[in-house]
Every structure is written in C-alpha cells, then in structure tokens.
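One structure below.
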Amino acid sequence: MSELEHEVGILRAENLKLRNEVARLSQQTQHSQPQLNAAKKYIEHVIGTIKHDGHLGTIQTDWILPYLEKTLAAIGGDR
C-alpha cells in the first residue's frame, strides 16, 4: 500500500467518524427540542406574568426580569 493510499484510508476513517458524530448530535438535538420548547414556554409565561402583574405571587421580580429575558434570547425565544 502506498503512502497516498494509506492517507486516503485515514481520511475515509476520519470522515466516517465525523458523519457518525453529526448523526449522534442530530439525534440528541431532536430529543432535546421538546424540552427546550417547554422551557421557552415557561420562561415566556413567567416574563408575561411579571410584566403584567409586576410580581410573581409574593416574590418581587424586578431584579430577575432582565436575566429571564437574556436567557430566553439565548435559547432562541421570541422576545
């Protein structure tokens, strides 16, 4: 086997590893998407409640609102 053939074999093996990793990450993303969507809805609800009522029950929330909005933006929320 020539050196070139050896290098081609190594590249093919690396390509296969990368394709397998992409497939694994794609599957992991699909599995996590419902959980992420649920988190977005919950955060959006909390933000809406805070903006409407100014609090969450007996909890003052003016300090947490910016963090919730940044978190929602970071995970791809609509706000």
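Every read-out reported here was derived from the displayed coordinates using simple, explicitly stated rules and does not represent laboratory data. Since the structure is predicted, the reported quantities are computational estimates derived from the model, not experimental observations.
Does anyone have the angle between helix 3-53 and the longest principal axis of the chain? Alpha-carbon axes, 0 to 90°, nearest 10?
10 degrees
Please enumerate, by chain and number, the lysines with C-alpha under 16 Å from the C-alpha of LYS40, excluding those fewer than 8 residues away in the same chain.
LYS70
Taking H placed 1.01 Å from N in the peptide plane, check which residues at least 5 places from ILE64 or on another chain put their amide H under 5 Å from its amide H.
none
Take the Cα gyration tensor of the chain, multiply each eigenvalue by 5, square-root it, and list the three semi-axes largest first, rounded to whole angstrom.
With the √(5λ) rule applied to the chain, the semi-axes are 49, 12, 7 Å.
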